[in-house]
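Peer 1: Could you have a look at this structure, given as C-alpha coordinates, before my questions?
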Amino acid sequence: MSDISLRFATPDDANEIFKLVLALARYEKLEHEVISRADHFRKVLADANSGVEVLLAEHQSIVIGFALYFRNYSTFVGKPGLFLEDLFVAPEYRKAGVGTALLQRLIQIAEERGYGRVEWHVLDWNQPAIEFYKNKIGAELIESWRVCRVNIGRAQ
(Lines give C-alpha, C1' and ligand atoms only; values in the text may rest on other atoms or scores of the structure.)
Protein backbone atom coordinates (compact mmCIF):
# COMPACT_ATOMS: atom_id res chain seq x y z
CA MET A 1 0.00 0.00 0.00
CA SER A 2 1.84 3.07 -1.21
CA ASP A 3 -0.53 5.76 0.04
CA ILE A 4 0.28 5.32 3.75
CA SER A 5 1.43 8.41 5.59
CA LEU A 6 3.06 8.57 9.00
CA ARG A 7 2.90 11.51 11.37
CA PHE A 8 3.37 12.38 15.00
CA ALA A 9 0.11 12.42 16.97
CA THR A 10 -1.18 15.55 18.66
CA PRO A 11 -3.60 15.86 21.58
CA ASP A 12 -6.39 16.19 19.00
CA ASP A 13 -5.75 12.57 17.98
CA ALA A 14 -6.57 11.17 21.43
CA ASN A 15 -9.95 9.70 20.46
CA GLU A 16 -8.50 7.86 17.46
CA ILE A 17 -5.60 6.54 19.53
CA PHE A 18 -7.96 5.29 22.19
CA LYS A 19 -10.11 3.48 19.60
CA LEU A 20 -6.99 1.67 18.40
CA VAL A 21 -5.96 0.86 21.98
CA LEU A 22 -9.35 -0.75 22.52
CA ALA A 23 -8.98 -2.72 19.29
CA LEU A 24 -5.53 -3.86 20.42
CA ALA A 25 -6.93 -4.95 23.78
CA ARG A 26 -9.67 -6.96 22.03
CA TYR A 27 -7.08 -8.63 19.79
CA GLU A 28 -4.91 -9.52 22.80
CA LYS A 29 -7.96 -10.64 24.82
CA LEU A 30 -7.04 -8.04 27.46
CA GLU A 31 -10.03 -5.70 27.33
CA HIS A 32 -10.58 -6.24 31.04
CA GLU A 33 -7.23 -4.55 31.74
CA VAL A 34 -7.99 -1.28 29.93
CA ILE A 35 -8.66 1.50 32.41
CA SER A 36 -7.29 4.33 30.29
CA ARG A 37 -9.49 6.83 28.48
CA ALA A 38 -9.01 9.14 25.53
CA ASP A 39 -8.39 11.97 27.99
CA HIS A 40 -5.28 10.19 29.26
CA PHE A 41 -3.78 10.28 25.76
CA ARG A 42 -4.86 13.88 25.25
CA LYS A 43 -3.16 14.89 28.49
CA VAL A 44 0.10 12.99 27.94
CA LEU A 45 0.45 14.25 24.35
CA ALA A 46 -0.16 17.83 25.48
CA ASP A 47 2.62 17.57 28.08
CA ALA A 48 5.95 18.23 26.37
CA ASN A 49 7.75 16.72 29.37
CA SER A 50 5.85 13.41 29.40
CA GLY A 51 8.33 11.70 27.11
CA VAL A 52 5.47 9.80 25.46
CA GLU A 53 5.14 10.01 21.70
CA VAL A 54 2.78 8.40 19.22
CA LEU A 55 3.33 7.76 15.54
CA LEU A 56 0.13 7.43 13.54
CA ALA A 57 -0.30 5.63 10.24
CA GLU A 58 -2.99 7.02 7.96
CA HIS A 59 -4.59 5.88 4.75
CA GLN A 60 -6.71 8.47 2.95
CA SER A 61 -6.78 10.60 6.14
CA ILE A 62 -8.09 7.65 8.21
CA VAL A 63 -5.97 6.55 11.18
CA ILE A 64 -5.22 2.85 10.63
CA GLY A 65 -2.37 2.17 13.04
CA PHE A 66 -0.19 3.55 15.79
CA ALA A 67 3.05 3.10 17.68
CA LEU A 68 3.24 4.53 21.21
CA TYR A 69 6.75 4.81 22.62
CA PHE A 70 8.92 6.61 25.13
CA ARG A 71 12.57 7.07 25.96
CA ASN A 72 14.38 4.66 28.25
CA TYR A 73 18.05 4.21 29.10
CA SER A 74 20.45 1.29 28.86
CA THR A 75 23.23 1.14 31.43
CA PHE A 76 24.96 -1.53 29.33
CA VAL A 77 24.87 0.49 26.10
CA GLY A 78 25.39 3.80 27.90
CA LYS A 79 22.77 5.55 25.78
CA PRO A 80 19.07 6.27 25.76
CA GLY A 81 16.80 4.07 23.71
CA LEU A 82 13.19 3.91 22.71
CA PHE A 83 10.72 1.53 24.29
CA LEU A 84 7.78 0.65 22.09
CA GLU A 85 4.83 0.21 24.43
CA ASP A 86 2.25 -0.65 21.78
CA LEU A 87 2.09 -1.18 18.04
CA PHE A 88 -1.22 -1.88 16.37
CA VAL A 89 -2.52 -1.91 12.81
CA ALA A 90 -6.22 -2.30 12.05
CA PRO A 91 -6.80 -5.88 10.81
CA GLU A 92 -7.98 -4.84 7.35
CA TYR A 93 -4.67 -3.03 6.74
CA ARG A 94 -2.31 -5.77 7.92
CA LYS A 95 0.18 -7.27 5.49
CA ALA A 96 0.17 -3.99 3.55
CA GLY A 97 3.44 -2.67 5.00
CA VAL A 98 1.89 -0.45 7.67
CA GLY A 99 3.55 -2.16 10.65
CA THR A 100 6.86 -2.28 8.82
CA ALA A 101 6.62 1.43 8.02
CA LEU A 102 5.83 2.30 11.66
CA LEU A 103 8.72 0.24 13.02
CA GLN A 104 11.19 1.44 10.40
CA ARG A 105 10.29 5.04 11.22
CA LEU A 106 10.66 4.36 14.94
CA ILE A 107 14.12 2.86 14.36
CA GLN A 108 14.98 5.89 12.21
CA ILE A 109 13.89 8.25 15.01
CA ALA A 110 16.14 6.37 17.45
CA GLU A 111 19.05 6.63 15.00
CA GLU A 112 18.43 10.36 14.41
CA ARG A 113 18.50 10.96 18.16
CA GLY A 114 21.69 8.97 18.65
CA TYR A 115 19.99 6.30 20.74
CA GLY A 116 21.39 2.83 21.25
CA ARG A 117 18.39 0.58 20.67
CA VAL A 118 14.66 0.06 20.32
CA GLU A 119 12.94 -2.53 22.50
CA TRP A 120 9.44 -3.86 23.01
CA HIS A 121 7.52 -6.86 24.37
CA VAL A 122 5.49 -9.39 22.42
CA LEU A 123 2.99 -11.89 23.82
CA ASP A 124 4.36 -15.43 23.62
CA TRP A 125 1.23 -16.71 21.83
CA ASN A 126 1.29 -14.02 19.13
CA GLN A 127 3.18 -16.03 16.53
CA PRO A 128 2.27 -13.73 13.58
CA ALA A 129 3.81 -10.77 15.43
CA ILE A 130 6.89 -12.76 16.47
CA GLU A 131 7.50 -13.87 12.89
CA PHE A 132 6.95 -10.32 11.63
CA TYR A 133 9.42 -8.85 14.13
CA LYS A 134 12.07 -11.47 13.42
CA ASN A 135 11.70 -11.79 9.65
CA LYS A 136 10.62 -8.32 8.51
CA ILE A 137 12.37 -6.15 11.09
CA GLY A 138 15.32 -8.35 12.01
CA ALA A 139 14.54 -8.15 15.73
CA GLU A 140 16.21 -10.47 18.20
CA LEU A 141 13.81 -12.35 20.47
CA ILE A 142 15.36 -12.46 23.94
CA GLU A 143 13.80 -15.53 25.52
CA SER A 144 15.82 -15.45 28.73
CA TRP A 145 14.19 -12.24 30.03
CA ARG A 146 10.83 -12.04 31.76
CA VAL A 147 8.68 -8.98 32.35
CA CYS A 148 8.20 -7.93 35.97
CA ARG A 149 5.42 -5.54 36.90
CA VAL A 150 3.92 -3.86 39.91
CA ASN A 151 0.62 -2.11 39.22
CA ILE A 152 0.15 1.03 41.31
CA GLY A 153 -3.48 2.02 41.90
CA ARG A 154 -5.72 2.91 39.01
CA ALA A 155 -5.12 5.38 36.17
CA GLN A 156 -6.11 8.94 37.00
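The values are calculated or read from the model by the stated rules, or taken from the named source; none is laboratory data. The structure displayed is predicted, hence computed values, not measured ones. So basically every Cβ, Gly included, is an ideal-geometry build from the backbone, and we count neighbours across all protein chains shown.
Peer 1: Mind listing just one residue for me: the one in the range 141-156 that is modelled with pLDDT under 90 and of a type in the set (Gly, Ala, Ser) and, of those, farthest from residue 83 (Cα to Cα)?
Peer 2: Checking each candidate, the answer is 153.
Peer 1: Looking at this structure, is residue 19 assigned to a loop (DSSP other than H, G, I, E, B), out of contact with any helix residue (DSSP H, G or I) (no Cβ under 8 Å at 6 or more places or on another chain) and closer than 23 Å to residue 129 by Cα?
Peer 2: No: the conditions fail for residue 19.
Let's see how each residue does on (1) touching a Gly at 6+ places or on another chain (Cβ under 9 Å); (2) of a type outside the set (A, V, I, L, M); (3) free of Cβ contacts under 8 Å to residues at least 60 places away in the same chain; (4) buried (at least 17 other Cβ atoms within 10 Å of the Cβ):
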{"position": "16", "(1), (2), (3), (4)": "no, yes, yes, yes"}
{"position": "22", "(1), (2), (3), (4)": "no, no, yes, no"}
{"position": "68", "(1), (2), (3), (4)": "no, no, yes, yes"}
{"position": "85", "(1), (2), (3), (4)": "no, yes, yes, no"}
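Peer 1: Still on this model: How about the range 1-16: which of its residues are assigned to a strand (DSSP E or B), among the hydrophobic types (A, V, I, L, M, F, W, C) and within 16 Å of the chain's Cα centre (by Cα)?
Peer 2: Scanning the range 1-16 gives 6, 8.
Peer 1: If you don't mind, there's one more thing I want to ask. What's the number of the condition residue 27 fails, among (1) touching a helix residue (DSSP H, G or I) at 6+ places or on another chain (Cβ under 7 Å); (2) within 27 Å of residue 152 (Cα to Cα); (3) among the hydroxyl-bearing types (Ser, Thr, Tyr)?
Peer 2: In the conditions (1) touching a helix residue (DSSP H, G or I) at 6+ places or on another chain (Cβ under 7 Å); (2) within 27 Å of residue 152 (Cα to Cα); (3) among the hydroxyl-bearing types (Ser, Thr, Tyr), residue 27 misses (1) alone.
Peer 1: Of everything in the range 90-135, what is among the hydroxyl-bearing types (Ser, Thr, Tyr) and surrounded by fewer than 16 Cβ atoms within 10 Å (Cβ to Cβ)? Give them in sequence order.
Peer 2: Matches in the range 90-135: 100 only.
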